[in-house]
Amino acid sequence: MTRSTSGRERPSFSKAYSFVLVTFALFLLSWIGQFISQVIEVGSSAAEHGSSFSWSEFFPQFLSATLENWQSEFLQLMWQVVGLAFLYAWGSSQSRESDDRLEAKIDALLQDRGIDSSAINTEIRDRVQGRTTQDHGWPGRDRGSREVAMFPMRGGPR
C-alpha cells in the first residue's frame, strides 16, 4: 500500500480497480469465445461449400458481428437507463412504493403491538423541532426517560 497526500493508505492497484479488472477479463473471455466459435463456424461453412478459409474474408464478418452485438447491448442498456430514469422521475408505481401504503403498513404493525402511532408521530415531530420528550404512555418506557422502546418484545419485560 502506498500513502496518499491525505496520509491515508491507498489500496493496491488490483484491489482498487478489481471490479474493472474482472469486468475487462470477462469481456476478453467472451470476445475470445465469440472469435473462436465464429472461426469454427466460418471454417465449417467454407468446407461445406468446397472453398478454403480466408482470414481476409473472416475479419470483416467478425467485426460486423461484434459491432452488431455491441449496438444491440448498448441500445438495450440505454433504454433501461433512460426508461427507468423517466419512470422514476414520473413517479410510476414500479419506481417506488407509495408513502401512504408504507405508513399504513407501519401503523398496522404498531397497532398489532399495542403501540399508539399518533404518540410516535408526536414524539418524532417534537424531536425534529428540538423539544424535550414527554411520556406518551408507550410500553417499555420509564417516566422521565429519554430512551424509547418502540418495539418491546412480546412476553418480555416492559
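Only the coordinates and a few stated rules stand behind these numbers; no lab work does. Worth saying up front: this structure is predicted, and the values here are computed from it rather than measured.
Details
- Annotation: extensible slack from residue 12 through residue 101 equals 27.4 nm (criterion: 0.36 nm per residue apart, minus Cα-Cα distance).
- Theoretical gain in end-to-end length, residue 23 to residue 46 [0.36 nm per residue, Cα-Cα removed]: 4.9 nm
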